[in-house]
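Reviewing the structure listed below.
The values are calculated or read from the model by the stated rules, or taken from the named source; none is laboratory data. Note that the coordinates shown come from a computational prediction; the quantities given were computed from them, not determined experimentally. Heads up, the Cβs are rebuilt from the backbone with ideal geometry, glycines too, and the neighbour counts pull from every protein chain shown.
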Amino acid sequence: MEPFKTFRGLIAPLDRANIDTDAIIPKQFLKSIARTGFGENLFHDWRYLADGKPNPGFLLNRPEYKNATILVSRNNFGCGSSREHAVWAIRQYGFRAVIAPWENRGGSRVPAFADIFRNNCSKNSLLTIELSAAEVEEIFQMAGRFPGLEATVNLEEERVTLHLAEEISFHFEIEPAVKDRFIHGLDDIGLTLQQEDALRAFEARHDPQLFKRF
């Protein structure tokens, strides 16, 4: 997994809430048994017209957002089915981070990201950043006023900085274990291999015939 410490990229402000995984990567593209080739079909039904041509009205087809690598959206991003393909599609398109807000509705906390989606992201080097609704609204406002706006995500300092004439920064929080995974570029296999010496020691003293005796 690619390490993530500090990253600067172009912001794409996708002003929609409750974007589900079927919108991120529609079901007809889940037939592949490979983990590649999903990026070209990210947001397929929004990105393309019925004849297969790019939809000029969709954000990612606009020239000022070409090569965007930081996606900003509204709350409950990644809801719906648990398909990991949604994360693969976002990552393979070129996004390194997704920013979304949590909201308080009637005393209930609506998360920025669906739980399964967030967990899948942490296993595929796609950083999810949760900010307040007011902070995300400010990012949308600035991105609207300054197309081509870039930001730096500093994971070690847990900070997002908008590169304006007067820079604006937002602090975010991340679980220490997830932060360590990103900084060191560790997927599940990498985490397991950190215990390689202990695993080899266990195998050396383990009798493989033990359970065959019963």
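Among the conditions (1) on the phi < 0 side of the Ramachandran plot; (2) modelled with pLDDT of 95 or more; (3) in contact with a strand residue (DSSP E or B) (Cβ under 6 Å, 6 or more places away or on another chain), the only one that Gly78 does not satisfy is (1). Pairs are defined by a Cβ separation below 9 Å, a sequence spacing of at least 6 or placement on different chains, a first member in the range 145-174 that is farther than 20 Å from Leu14 by Cα and of a type outside the set (Asp, Glu), and a second member that is in a loop (DSSP other than H, G, I, E, B) and modelled with pLDDT under 95; the pairs so defined are Asn154/Lys5; Leu155/Phe4; Leu155/Lys5.
Pick from Phe38, Phe77: which is in contact (Cβ under 8 Å) with a residue 24 or more places away in the chain, of a type in the set (Phe, Trp, Tyr) and more than 22 Å from Val153 (Cα to Cα)?
Values: Phe77 fails: more than 22 Å from Val153 (Cα to Cα).
Just one listed residue meets the conditions, Phe38.
The lone criterion from (1) of a type outside the set (A, V, I, L, M, F, W, C); (2) at pLDDT below 95; (3) touching a strand residue (DSSP E or B) at 6+ places or on another chain (Cβ under 6 Å) left unmet by Thr161 is number (2). Identify, by number, the condition in (1) in contact with an Asp or Glu (Cβ under 7 Å, 6 or more places away or on another chain); (2) over 30 Å from Val110 (Cα atoms); (3) not hydroxyl-bearing (Ser, Thr, Tyr) that Lys53 doesn't meet. (1) is the only condition that Lys53 fails.
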